[in-house]
Amino acid sequence: MDWKKIAPWNWFKQEESVSPAPRRLPGYGSGDPFSALRAEMDRVFEDAVRHAFPRMSWLAEAPAGRPMPLRPVVDISEGRKAYTVRVELPGVEPDDVSIEAQDHTLVLRADKRQTREEEDEGYHCVERSYGAMQRVLSLLDDADADAIEARFKHGVLRLRIPKQPARASHARSIPIEKE
């Protein structure tokens with residue numbers, strides 16, 4: 001296995017260049033004093049992280065006071081014939097997921113919608129996150145973007161990215177003539 005190929009920075013190098021989707025968290029702007037306290041604590045923490053790690057551009061792009069973008073977690077593995085990417089999307093319906101492949105970049109978008117079952121129901125605690133999610137993966141040179149297969153089951157999106165056959169090297173030896 002080529003370890004340089006499977007290194008995370010190779011898969012996520014395009015993600016930093018794409019502006020993050022805004023993240024909406026429950027309770028923000030509801031007028032509840034505990035929600036306001038939570039929002040203020042999140043803002044202070046984000047400012048501290050942004051100051052401590054200024055070189056991480058995805059942190060610098062998020063405006064102060066706005067929550068960080070919601071990014072689903074991924075597992076990436078490599079087999080002999082294909083790469084497999086698994087993306088956790090709990091609570092997301094398959095119809096709310098979109099996948100686009102273009103120019104060696106794979107963009108995964110999903111929207112987790114908040115549902116209210118009771119109009120008069122009062123919440124004591126809301127910890128689940130809702131809103132737009134996005135991941136941007138850089139496809140490696142041997143990935144066949146035209147043959148990607150996607151399956152969604154039990155809140156996990158599974159992508160199979162076949163490898164293209166090895167291309168013939170265009171390297172050639174150049175003879176040196178003696179004068």
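Taken together, the values in this text are just the output of simple stated rules run on the coordinates, not laboratory data. It should be emphasised that the depicted structure is a prediction, and the values quoted were computed from it without experimental measurement. For neighbour counting, all protein chains shown are included, and Cβ atoms are generated from backbone atoms with ideal geometry for every residue, glycine included.
Observations, loosely collected:
- A straight chain from Ala147 to Glu93 at 0.36 nm per residue would run longer than the Cα-Cα distance by 17.1 nm.
- Placing R0 at 35 angstrom, the Cβ-Cβ distance between Lys81 and Arg172 gives a FRET efficiency of 0.75 after rounding to 0.05.
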